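Structure, as structure tokens:
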Amino acid sequence: MQNTLTIFFIGDVVGKPGMEVLRRLLPGLLLRYRVDFCLANGENAEGGKGMSSKLFEEMRGLGVDVITGGNHTLYRDKIIPVIEETPRLLRPFNYPPGTPGYGSGVFDLKLGDKVAVLNLQGRAFMPLADCPFRTGRSEIEKLAENTKCIIVDFHAEATAEKMAFARFVDGRCSAVLGTHTHVQTADEAILPGGTAYISDVGMTGAHSGVIGLHTESALNRFLHTWQGGHTSMAADDLRLSAVLLDIEPQSGKALHIERLQISL
Ligand SMILES: [Fe+2]
Ligand SMILES: [Fe+2]
């Protein structure tokens, strides 16, 4: 067992620009920070919506241990066999019983440590899902029987919902990391019980448009309530958004959280 686990969590990887950022930056960053376990939210990796088996394999090959998800993870039917097969590609845990795939998993590290990952989806301004507070906290209790090092990706729109959940589980898990808005927040902190928190890790991809979309394509939604039959991705100002965590594995408490936004 190690004294400290270094965990790297990458915010929503959006489309081809997001994958290009991962290809060019991730291998070097994993070495530089001596990362023990790497996570990335991949709900927008395939064309801005959803995930593919090819991109799942590519992300794994680049060093991502677990890919978390959100409201777009199940957008493409072809991902269903992959998501049913492995908890290394998660969808939100608080989906109704019978939904394909896993919402949590426990993963073994090389030196004997274990890391648990739980993916939840919020309900404020989001598609319907079961209560993330009650289902989330009871799943954290179950995961804690295996390891105290538990990382939660809370995929949600509303800052207050993410913050309230973090307070609700403070001291019961190592980190509650917000995803989905694609805008990195500057509120990273370690809460009194030892849980690391950030309202949103931000986006990995092109920042020149509107949360990953080309500006014109995004504007059509607001000006005409219509996207013209297709959405096109932004292409410039490529950045990787992430947080780096140090966790004390015996207690599961976070020792440090650092927010990163790295331009290509
Ligand atoms: Fe997203
Ligand atoms: Fe999302």
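At a 10 Å Cβ-Cβ cut-off, how would you order HIS72, HIS180, HIS224, HIS256, fewest neighbours first? Don't skip to the end; give the middle numbers.
Details: HIS72 21, HIS180 28, HIS224 9, HIS256 13.
Going from least to most buried by this count: HIS224, HIS256, HIS72, HIS180.
If you find the alpha carbon centre of the stretch 121-191 and of the stretch 27-105, how far apart are they in angstrom?
Centre-to-centre (Cα) distance: 17 Å.
Round to the nearest 10 and give me the degree value, 0 to 90, for the angle of helix 159-168's Cα axis relative to the longest principal axis of the chain.
That works out to roughly 10 degrees.
Express as a percent, rounded to the nearest 5, the fraction of DSSP beta bridges in the stretch 5-263 (both residues included) that run antiparallel.
Antiparallel bridges make up about 50 percent of those DSSP assigns within the stretch 5-263.
List the trypsin sites (Lys or Arg not before Pro) within the stretch 79-150 that DSSP assigns to loop and that have no more than 12 neighbouring Cβ atoms inside 10 Å.
Filter output for the stretch 79-150: LYS110.
Excluding residues fewer than 8 places away in the same chain, name every one of the aspartates and glutamates whose C-alpha is closer than 18 Å to that of LYS110.
Straight-line reach from LYS110, under 18 Å: ASP36, ASP65, ASP246, GLU248.
log₁₀ I(q)/I(0) of the chain at q = 0.12, 0.17 Å⁻¹, via Debye over equal Cα point scatterers, no solvent, to two decimals?
-0.64, -1.36
Sticking to Cα atoms, compute the Rg of the stretch 1-153 to one decimal and its Dmax as the biggest Cα-Cα distance, whole number, in Å.
15.1, 42
Summing -39500 (n - 2.57) over the DSSP H runs of n ≥ 4 in the chain and dividing by its residue number, what mean residue ellipticity at 222 nm do you reach, to the nearest 500 deg cm²/dmol?
Rounded to the nearest 500, it is -7500 deg cm²/dmol.
What's the angle, to the nearest 10 degrees (0 to 90), between helix 132-143's Cα axis and the longest principal axis of the chain?
That works out to roughly 40 degrees.
Which of the chymotrypsin sites (Phe, Trp or Tyr not before Pro) found in the stretch 114-196 are in a DSSP loop and have at most 11 neighbouring Cβ atoms, other than their own, within 10 Å?
Those satisfying the criteria are PHE125.
Among ILE198, ILE10, ILE140, ILE262, which comes first, second and so on when ranked by fewest other beta-carbon atoms within 10 Å?
Lowest count first: ILE262, ILE140, ILE198, ILE10.
What is the chain's relative contact order, in percent, from Cα pairs under 8 angstrom and six or more apart in sequence?
On the way: 690 pairs, mean separation 52.6, N = 264.
Over the chain, the number comes to 20 percent.
Just in the stretch 161-248: which trypsin sites (Lys or Arg not before Pro) are loop by DSSP and have at most 10 other Cβ atoms within 10 Å?
Of the trypsin sites (Lys or Arg not before Pro), not one in the loops of the stretch 161-248 has a Cβ with at most 10 other Cβ atoms within 10 Å.
Coordinate-derived values only; no laboratory data. In this text, all values refer to a predicted model and were calculated from it rather than measured experimentally. Here the Cβ is made from the backbone with ideal geometry for all residues, glycine too, and neighbour counts use every protein chain on show.
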